[in-house]
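Below: one structure, written as structure tokens.
The values are calculated or read from the model by the stated rules, or taken from the named source; none is laboratory data. As the structure is a prediction and not an experimental result, all values here were calculated from the model. Don't worry about glycine lacking a Cβ; one is built from the backbone with ideal geometry, like all the others, and counts go over all protein chains shown. Just so you know, the surface numbers come from the protein's heavy atoms only, side chains and all, with ligands and any DNA or RNA stripped out. Shrake-Rupley method; radii C 1.70, N 1.55, O 1.52, S 1.80 Å.
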Amino acid sequence: MKKMMLVLCLGVQIAYAQSADDSIKTQIRKIDGNLYFIDCVNGFGGGNVTASIGEDGILLADDMYAMMSARLRATLATISAKPVRIVLNSHFHGDHIQGNSGFRESAVIVAHRNVAARLIRNNSSKALLPHVSFSDSLTIRFNGEDIRLIHFPYSHTDGDAAIYFTGSKVLHLGDMFFFGMFPAVYAEGGGNIRQLVSSIDQLLQQIPPDAHVVPGHGALATMRDLADYAAMLKETIAIVETNLRNGKTLEQMRTEKVLAKYDALGSGGAQTTDQYLGMLVKLLTEKK
Ligand SMILES: [Zn+2]
């Protein structure tokens, strides 16, 4: 599972995911009002999904792997018989958007313009491509509230949209937020860990403190959890920067367990502590 999620987030090891066993289930829980949190149990079927289910039908923020679409539909049908009319993509990774291929039958797919650009550049299936692209921000009125998509450049990737349900106060962050585990940041996908920290700081200022937060991976969270995550990122970046300045190698940092304080996050399901340390050293020694 650990290695699996890390690799899956790269969006390249799709064959592995599609051969995953059928025991993976989706589960849904109500957050507030029209808003629901959907994730997987018994294995990894993709990133977390936020659903708005009401009079206008169903809107999804992210839609997991394609192999989960039938299960996702069945789960949604337990709440409403209405169709999925809009799908918002938080970024281009397959574990968050492969469901586009099936849901596009009834839904308009919306994403930042860099999502479409990357999918085209990567020769991804046309069935994944968004119908609507935006640059800086976009507001959608659905089920009685404004839903704002805000682009945060160069964070987890270069096409991250924070999706905020303004009436329900629910913030869907995709992989800008891994909760209870170390995050993955992909320079090759346009990600930048320093910019990610700045993006989260902006969100902490802009979004009310009592909002619910849906991370890309991990349990439903709070703005307090998001603040703790930002503090962890800053502290681990500072530790690695200091060690790099002092001429320490990655091996020395691993031996000295410089991130021991956060070791519990290493068994959270994404990267181990040593893998996260390796990623930080790589990201922080690359040209800024
Ligand atoms: Zn991702």
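What does the stretch 204-247 give for Rg and for Dmax, in Å, if only its C-alpha atoms count?
Reported Rg and Dmax, both Å: 13.9, 43.
Using 0.36 nm times the number of residues separating Glu188 and His131, minus their current alpha carbon distance, what extension gain do you get?
18.1 nm
Send over the semi-axes of the chain's equivalent ellipsoid, whole angstrom and largest first, taken as the square roots of 5 times the C-alpha gyration tensor eigenvalues.
31, 20, 18
Give the separation of the Cα centroids, the stretch 62-76 to the stretch 207-246, in Å.
Going from one Cα centre to the other spans 29 Å.
Any idea what the dipole of the stretch 2-235 comes to, in debye rounded to 20, about its Cα centre with Lys/Arg Cβ at +1 and Asp/Glu Cβ at -1? Intermediate values should be presented prior to the final figure.
Values: 20 positive and 22 negative charges, 78 e Å.
Here the size comes out at about 380 debye.
Using the reciprocal of the averaged 1/r over all distinct C-alpha pairs, how large is the Kirkwood radius of the stretch 115-169 in Å?
12.6 Å
Ignoring ligands, DNA and RNA, how do Lys282, Lys261 rank by accessible area with a 1.4 Å probe, largest first?
Lys261, Lys282
Measuring with a 1.4 Å probe in the full set of protein chains, what accessible area per residue, in whole Å², belongs to the stretch 2-235? Present the calculation step by step, with values, prior to reporting the outcome.
On the way: 8880 Å² over 234 residues.
That works out to 38 Å² per residue.
Any chance you could get the radius of gyration and Dmax over the Cα atoms of the stretch 216-288, in Å?
Rg then Dmax for the stretch 216-288, in Å: 12.9, 39.
Heads up, I need the accessible area for Met253: 1.4 angstrom probe, whole protein in place, Å², nearest 10.
Probe radius 1.4 Å; accessible area of Met253 about 0 Å².
Would you calculate the separation in nanometres between label points at Asp56 and Arg224, each defined as 7 Å from the Cα along the Cα-to-beta-carbon direction?
Each label point lies 7 Å from its Cα, and together they span 3.2 nm.
Calculated from DSSP H runs of 4 or more alone, at -39500 (n - 2.57) each and per residue, what is the 222 nm mean residue ellipticity of the chain, nearest 500?
Value at 222 nm, helices only: -9500 deg cm²/dmol.
Evaluate the relative contact order of the chain (contact order divided by residue number), counting alpha-carbon pairs under 8 angstrom at least 6 apart; express in whole percent.
The normalised contact order for the chain reaches 14 percent.
Taking 2.2 N^0.38 Å as the expected size of a compact globular protein, what ratio does the Cα radius of gyration of the stretch 249-288 give against it, to two decimals?
Taking N as the residue count of the stretch 249-288, the ratio is 1.16.
Report the Stokes-Einstein translational diffusion coefficient (µm² s⁻¹, integer) for the stretch 139-234, Rh taken as the Kirkwood radius over Cα pairs, at 37 °C with viscosity 0.692 mPa s.
D, rounded to a whole number, is 248 µm²/s.
Whenever you get a sec, compute what percent of the accessible area on the stretch 89-215 sits on carbon and sulfur atoms (1.4 Å probe).
48 percent
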